[in-house]
Amino acid sequence: MEYKKQLAGSLASQLEGMDESQIMELLEYPPNPDMGDLSMPCFKLSKVLRKAPQAIAEELKAKLDGIAYVERVEAVSGYLNIYLDKAQFVSTLLQDVLTRREAYGSSTMGEGKTIVLDFSSPNIAKPFHVGHLRTTIIGNALYKLFDFLGYDTVRVNHLGDWGTQFGKLIVAYQKWGSKEQVEAEGISELLRLYVKFHDEADHAPELEDEARAWFVKLEQGDSEAGKLWKWFVDISLKEFSRIYKLLGVEFDSYAGESFYNDKMGPVIEELKEKNLLEEDEGAMLVRLDEYNMAPALILKKDGSSLYHTRDITAALYRKKTYDFDKCIYVVDAGQSLHFQQWFKVIELMGYDWADKLVHVPFGKVSLEGAKLSTRKGNVVMLEDLLTQSISKIREIIDAKNPDMPNKDEVARQVGVGAIIFNDLSTNRIKDIVFSWEEALNFDGETGPYVQYTHARCCSLLRKANGSESTELPAGGESFDASLLLNDSAYQAAKEAALFPEKVVQAMNKLEPSLISRYLVDLAQSFNRFYHECPILVDDAETRKARLALVKTVQLTLQNGLRLIGLESPKQI
Ligand code: ARG
């Protein structure tokens, strides 16, 4: 929809020193439709133009009468309130959505720019738990947003496949494990061993030394350590891919921490050459006192590398390989300091692209008060959560719509969708407490609610066609928009028109929850329209117009759901 841009352009041409994009920033959507469809507060302009806000609004009002899309304008208390030509607005919007369909909301603004997204990145040999869910879901949604806006994207799964935990695992496996059991039980057996290690090490601290020694061996290419490591990685990856498949998430690269094993040497040399490395009791670090941060540890006493070392190396590698415009790390807020530290190291190394590294933090997830920590073994495995959600939705479908075809498929789409949507339902930085009742509520602000509304649109279209088709009946594109000017129809159309702007906002703020909340608003406005205005009425023209709005909302919901990683079943 170009109407807002056009309007901003007309306004800018009346205001010296202001351009279209500045006016775009100023334009607001009034909370109450009596105050217009759009409104421009003139208070900021008042300073620049040295005139009273109300005087500015009145002058603009005189000049704006009769321009495209505008029915009338009012100058009220320093605001310029703009009332759109409703029929023109609705007709343009619907035609636009019905023509662009799956592409509605997309743009080419990102053309030629590359975004690297580091997300999910679970640790090998530890189960994928609810704590890892958020990075996977937020990262995937961000990927879809950038992709939709025309950016080139690289999805990297920076697997935690290196580090002291492998030393621990090797020790535990040798002492208390067996090949058969690991093969039979996969990650949960690896987890049992890992937890056992920590329990035992509590009263036998020498185990820690043994574990460290094994990790050093691994880093130095010892073949026994290497073989075990590879085996643990393969077992874990097999389980992770099952979950990614369920969630519909894919990656372009699985270059995890171990990938940088042979690439760290030159980076450490570079740090030395640039006089950034300092020795401290045998360890090597970069001091960051000046920036009020603890030092970044680069090498341990025993010469083994650390999380920082691998992240710095990976960033240099990614810059060289992908020449990114942004490299985004979707990692929980608990790791903020880690990122601040090594981003600073990159800056101190003299790389001007340090400001293109972005940490996207998010809050914790708890499940009915239970904390999620691998060490204690108190984890809720994500796969359990997903399968439980699917079977709960399946029960609801069995009770309410027992004759529906593809019940299993739909239960999967809605069950998984409920979990994803719940994770994206509030600002990412907030902690969330997971509750089944909330996540699966078909009447709440949930995935099932939005998906159900989408299915309702499809069902109306099917009925109108008297067939399985969810397209507009023949000739449905030539409708009379003046039949959609009653309050609830107009509000639903206005809501659908906001979609492209929301997509850009969500991308700019790296906040996919803006899309989920928008979808709830759109679904609610649509449902108001649906309850007030019967769609399949006898009057052919009214029916045609209402169906065009139904199809518009259906396409918009579908595009929005897809952007946050949800499917849109046509029937629930
Ligand atoms: N493996 C880490 C964890 O599970 C997250 C890695 C995030 N990515 C990164 N480049 N540091 O805590």
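Helix 264-273 and the long axis of the chain differ in direction by around 90°, with both axes built from C-alpha atoms. Extension gain, LYS400 to GLU501: 0.36 nm times the residue separation minus the Cα-Cα distance gives 32.7 nm. Counted residue by residue at 0.36 nm each, then reduced by the alpha carbon distance between them, the extension gain from ASP538 to SER223 reaches 105.6 nm. Given in Å, the Rg to one decimal and the Dmax to the nearest whole number for the Cα atoms of the stretch 170-266 are 15.4, 44. What the chain shows is 44 Å² of accessible area per residue, with the surface traced by a 1.4 Å probe over protein heavy atoms.
Between TRP353 and VAL48, the simple label model (points 7 Å from Cα in the Cβ direction) yields a spacing of 3.5 nm. Return the lysines within reach of LYS86: Cα separation strictly under 27 angstrom, same-chain partners fewer than 8 residues apart disregarded; answer none if there are no such residues. Cross-link targets: LYS4, LYS5, LYS61, LYS63, LYS494, LYS502, LYS544, LYS551. In nm, to one decimal, how far is the THR108 label point from the ALA87 one, both placed 7 Å along Cα→Cβ? In this crude label model, THR108 to ALA87 measures out at 3.5 nm.
DSSP finds beta bridges in the chain, and of those with both partners inside it, around 55 percent are antiparallel. Rounded to the nearest 10 degrees, the angle from helix 407-423 to the longest Cα principal axis of the chain is 80 degrees. Full extension of the chain between ARG528 and GLU206 yields a length gain of 109.2 nm, computed as 0.36 nm times the residue separation minus the alpha carbon distance. Take the Cβ atoms of LYS196 and LYS364, set R0 to 25 Å, and the FRET efficiency comes out at 0.45. Return, ordered by residue number, the residues of the stretch 539-571 whose backbone nitrogen is under 18 Å from a label point located 7 Å along Cα→Cβ of ARG100. Label zone hits: 549-564.
Normalise the Cα radius of gyration of the chain by 2.2 N^0.38 Å (N = residues in it) and let me know the number. In units of the 2.2 N^0.38 Å rule of thumb, it is 1.14.
Relative to the longest principal axis of the Cα atoms of the chain, helix 187-203 runs at roughly 50 degrees. Under the convention that each Lys and Arg Cβ holds +1 and each Asp and Glu Cβ holds -1, the size of the dipole of the stretch 132-273 around its Cα centre is about 500 debye. Peptides 291-298, 343-350 ranked from most to least packed by the mean count of surrounding Cβ atoms within 10 Å: 343-350, 291-298. Between LYS175 and VAL433, the C-beta separation translates, for a Förster distance of 30 Å, into a calculated FRET efficiency of about 0.20.
Among the protein heavy atoms of the chain, carbon and sulfur supply 47% of the accessible surface, probe 1.4 Å, non-protein parts ignored. Peptides 415-422, 54-61, 247-254, 131-138 ranked from most to least packed by the mean count of surrounding Cβ atoms within 10 Å: 415-422, 131-138, 54-61, 247-254. Here the stretch 235-265 is scanned for amide nitrogen atoms under 17 Å from the site 7 Å beyond the Cα of ASP384 along Cα-to-Cβ, giving 240, 243. The charge dipole of the chain, taken about the Cα centre with unit charges on the Cβ atoms of Lys, Arg (+1) and Asp, Glu (-1), comes to about 540 debye, rounded to the nearest 20. For SER391 and SER77, a Förster radius of 35 Å and the Cβ-Cβ distance give a FRET efficiency of 0.05, rounded to the nearest 0.05.
The values are calculated or read from the model by the stated rules, or taken from the named source; none is laboratory data. These numbers come from a predicted model, not from an experiment. Here the Cβ is made from the backbone with ideal geometry for all residues, glycine too, and neighbour counts use every protein chain on show. Heavy atoms of the whole protein, side chains included, go into the accessibility calculation; ligands, DNA and RNA do not. Shrake-Rupley method; radii C 1.70, N 1.55, O 1.52, S 1.80 Å.
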